[in-house]
Amino acid sequence: MTDLESVLNDRLAVAFAAVAGAPADPVVRRSQHADFQADGALPLARRLGRAPRDVAADALARADLADLVATAQISGPGFINLTLRDDALAGLLGVMSGDERLGVPTAAVPETVVIDYSAPNVAKELHAGHLRTTVIGDAAARILEWLGHDVRRANHIGDWGTPFGMLIEHLLDLGETEAMQELSVGDLNGFYQAARVKFDADPVFAERSRGRVVALQAGDDTTLRLWRLLVDESEKYFLAAYDKMGITLTADHFYGESYYNDMLDPVVDALDGLGLLRESDGAQCVFPRGFTGRDGEPMPIIVRKRDGGYGYGATDLAAIRHRTQDLKATWLLYVVGSPQQQHLEMVFQCAREAGWLAAPARAVHVGFGQVLGADGKKLASRAGDTVKLVELLDEAVIRAAAIVREKNPDLDAETRAEVARMVGIGAIKYVDLSSDRIKDYAFDWDRMLSFSGDTGAYLQYTYARINSIFRRGGVVPDRSAAVLLDQPAERALAMELLGFAAVVTDAAATLQFHRLTGYLQHLAGAYTAFYENCPVLKSEGAVLASRLLLCDLTARVIAQGLDLLGIETPERM
RNA sequence: GCCCUCGUAGCUCAGGGGAUAGAGCAACGGUUUCCUAAACCGUGGGUCGCAGGUUCGAAUCCUGCCGAGGGCACCA
């Protein structure tokens, strides 16, 4: 346990409880006036009808802090300012240094977590609109997995529905080999648009397409084979994009809409059996409590359309039921844009009413805002089209390569290409993860690729500089060396390092990953002050060993922290 | 019309009911015989959209208003 804040909190909670005669939150926070402050005496004083400073003094007298705290002072109206002992910090850093997990504990209660993210449509490009769900969802998967949860990635691709009638007919028109050729070069949009144009312009083609939809739903062998060809080609393309992007989704994670086809009848029957199903305008609907529409009437989830086909609501409900009942998941994450908030809340409510989402299981909408262009409107190409995701990635890498070439001409071409890839992809992921996800953000190449400020590249640079010290000195840090914290910058760095466990736990619990990026920036800032004030290689003996350990620990935390966000760290740049 | 989200320094954004609201960028001034100057130090810059309320204490919680965006039946 290297998490100072929770250690202090636990110790003080005992003392506060003794004073209060009941559990009481000591309200421990980082402080500008000391290392930490505990503010719990103020609200407690009101409850007890005593003077706040008395309560603080009482709690402090009962607290067992001698091994951790050097000085504890009561300040202002009743704040307790705590300054920690240097040897306590050094001891905890020693523990952290010797721990592969850097002091971050695994979850007390490991859960089965399903993370629904990315979800592109078959026969369509991944575009800028898929950026956030893919990046955020992957970060969630990495963090929760690292904390010991059983993470099930679910890529809910759009692989079913009426568009496949026209897509299959278009495939037949082209001929299979020709069509596969076209799809394999990655021109998915062109294929889709050509089908669309024919569907709109040619009534005969449209009629064939509708017939093909019927055949598909009826399970016709030939039709299913052709459908599978389309899905397989698209999946290959998606996997190539994920690979380029450093996303952990693989072929094992495709659970498209079609995966739930066989579950739809049972789901509708179950809803009917529960008395939740009602007919409205010829459609079979569920009306979850608490939602009214434009007309003031209850809003439906349409599980079966007037034409007899299933609505997406049916698939969503089937997925929830499958995840909680078959997979035994207790934590369902939906990494989906904010506009779908209401729809998801309705589905969750419906699942609760059906008994498919009962405690401890819960579903969370991990919503996010839009990516905007420099003009403040939805990101689009100059021609107004959607921007292809792979083109965005390629441009980031090209731009990063140009900057790396300019800043460090000594790197050989191969290293430079590798660094550019890490920096370019990392820059895109970093901006996406570094602000509150619910807000929109504007895509700005110059800012995101700037190598100073709150960017991924700055963290990568800090990491590379640390490695440079080891390389220059020809030294390997001794991870069991004694830690000395004589300089203020060393002590400040130690405080930051010891905050890692709390921030990872917190980011996972709240699914607010910008807290982790913010922490890493602070850490890099503390390291830089250390770097400026505490020469490493010019020091000797125990000081050298201690400083090498601090460098090593900082590098490990940065690398681990960025890895949890899906961002790589180059050894030099 | 109803519902949801957002509004903090010139710009981009942090801010878990606690003390004097913080970073980065930009601006201005400075730092290099020294481990990557892709860096660092300093300076200026704020009616926390507005108005009430709750509280010992509000950027933070509640209500109303203003502004921006989004959602509200057979696409997902």
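Pairs linking a residue in segment A:220-240 that is at positive phi to a residue that is among the charged types (D, E, K, R), with Cβ atoms under 7 Å and 6 or more positions apart or on different chains, do not occur. Figure legend. Inter-residue proximity from segment A:43-63: first residues touching a residue at least 24 places away in the same chain (Cβ under 8 Å) and away from RNA strand B (no atom under 14 Å from the Cβ), second residues among the β-branched types (Val, Ile, Thr) and part of a helix (DSSP H, G or I), beta-carbon distance below 8 Å, spacing 6+ or different chains. Indicated pairs: A:Asp58/A:Val19; A:Arg62/A:Val14; A:Arg62/A:Val19; A:Ala63/A:Val14. Scanning segment A:536-555 for residues that are surrounded by fewer than 20 Cβ atoms within 10 Å (Cβ to Cβ), not in a helix (DSSP H, G or I) and not hydroxyl-bearing (Ser, Thr, Tyr) yields A:Leu537, A:Lys538, A:Glu540.
Out of the residues in segment A:452-487 that are among the charged types (D, E, K, R) and more than 8 Å from RNA strand B (Cβ to nearest atom), state the one that is farthest from the chain's Cα centre (by Cα).
So the first thing to find is which residues in segment A:452-487 are among the charged types (D, E, K, R), and the list is A:454, A:465, A:471-472, A:478-479, A:486.
Applying the additional criterion that residues be more than 8 Å from RNA strand B (Cβ to nearest atom) yields A:478-479, A:486.
On the way: A:Asp478: 33, A:Arg479: 31, A:Asp486: 38 Å.
This residue is A:Asp486.
Within segment A:253-289, the set of residues being aliphatic (A, V, I, L, M) and touching a Leu at 6+ places or on another chain (Cβ under 6 Å) comprises A:Val267, A:Leu271, A:Leu277, A:Val286. When A:Glu406, A:Glu414 are checked against the criterion of being within 10 Å of RNA strand B (Cβ to nearest atom), modelled with pLDDT under 95 and surrounded by fewer than 19 Cβ atoms within 10 Å (Cβ to Cβ), a single residue qualifies: A:Glu406.
Which members of segment A:19-39 meet the condition of being among the small types (Gly, Ala, Ser), surrounded by 14 or more Cβ atoms within 10 Å (Cβ to Cβ) and more than 8 Å from RNA strand B (Cβ to nearest atom)? Explain how you work it out, then say what you get.
Step one: list which residues in segment A:19-39 are among the small types (Gly, Ala, Ser), which gives A:20-22, A:24, A:31, A:34, A:38.
After this cut, where a residue has to be surrounded by 14 or more Cβ atoms within 10 Å (Cβ to Cβ) as well, the list is A:20, A:24, A:31, A:34, A:38.
Listed by number, the residues that qualify are A:Ala20, A:Ala24, A:Ala38.
Only one entry in A:Gln349, A:Gln325 is loosely packed, with under 15 Cβ neighbours inside 10 Å and either within 27 Å of A:Asp281 (Cβ to Cβ) or not basic (Lys, Arg) (or both), namely A:Gln325.
Go through segment A:225-260 and give me each residue that's among the charged types (D, E, K, R), away from RNA strand B (no atom under 16 Å from the Cβ) and crowded, with 19+ Cβ neighbours inside 10 Å. Give the derivation first.
The first filter runs over segment A:225-260 and keeps only residues among the charged types (D, E, K, R), leaving A:225, A:228, A:232-233, A:235-236, A:243-244, A:252, A:257.
Going one step further and asking which of them are away from RNA strand B (no atom under 16 Å from the Cβ), we end up with A:225, A:228, A:232-233, A:235-236, A:243-244, A:252.
Hit for segment A:225-260 is A:Glu233, nothing else.
Give the residue, chosen from A:Thr292, A:Thr222, that is in contact with a strand residue (DSSP E or B) (Cβ under 8 Å, 6 or more places away or on another chain), farther than 30 Å from A:Glu395 by Cβ and exposed (fewer than 14 other Cβ atoms within 10 Å of the Cβ).
Criteria check complete, one pass: A:Thr292.
Candidates in segment A:371-423 are the residues that are part of a loop (DSSP other than H, G, I, E, B) and polar (S, T, N, Q); of these, the one that is farthest from the chain's Cα centre (by Cα) is A:Asn408.
Summed over segment A:496-535, residues that are near RNA strand B (Cβ under 9 Å from one of its atoms), buried (at least 16 other Cβ atoms within 10 Å of the Cβ) and outside any helix (DSSP H, G or I) total 3. In this structure, does A:Ala108 turn out to be more than 20 Å from the chain's Cα centre (by Cα), at pLDDT 95 or above, more than 30 Å from A:Val390 (Cα to Cα) and not β-branched (Val, Ile, Thr)? No; evaluated as a whole, the condition is false for this residue.
All conditions in (1) in a helix (DSSP H, G or I); (2) over 22 Å from the mean Cα position of the chain (by Cα); (3) near RNA strand B (Cβ under 10 Å from one of its atoms); (4) at pLDDT 95 or above hold for A:Glu490, with the sole exception of (3). Screening segment A:285-368 for strands (runs of 3 or more DSSP E) wholly inside it with 1 or more residues that are touching a residue at least 12 places away in the same chain (Cβ under 8 Å) and under 27 Å from A:Asp150 (Cβ atoms) returns the ranges A:331-334, A:362-365. Taking (1) within 14 Å of RNA strand B (Cβ to nearest atom); (2) of a type outside the set (Val, Ile, Thr); (3) surrounded by 15 or more Cβ atoms within 10 Å (Cβ to Cβ); (4) more than 13 Å from A:Gly129 (Cα to Cα) in turn, A:Gly376 satisfies each apart from (3).
Only one residue in A:Leu131, A:Leu82, A:Leu93 is crowded, with 23+ Cβ neighbours inside 10 Å, within 16 Å of RNA strand B (Cβ to nearest atom), under 25 Å from A:Glu496 (Cβ atoms) and not hydroxyl-bearing (Ser, Thr, Tyr), so which one is that?
A:Leu82
The values are calculated or read from the model by the stated rules, or taken from the named source; none is laboratory data. Predicted model only: the values in this text are computed from it and were never measured. Don't worry about glycine lacking a Cβ; one is built from the backbone with ideal geometry, like all the others, and counts go over all protein chains shown.
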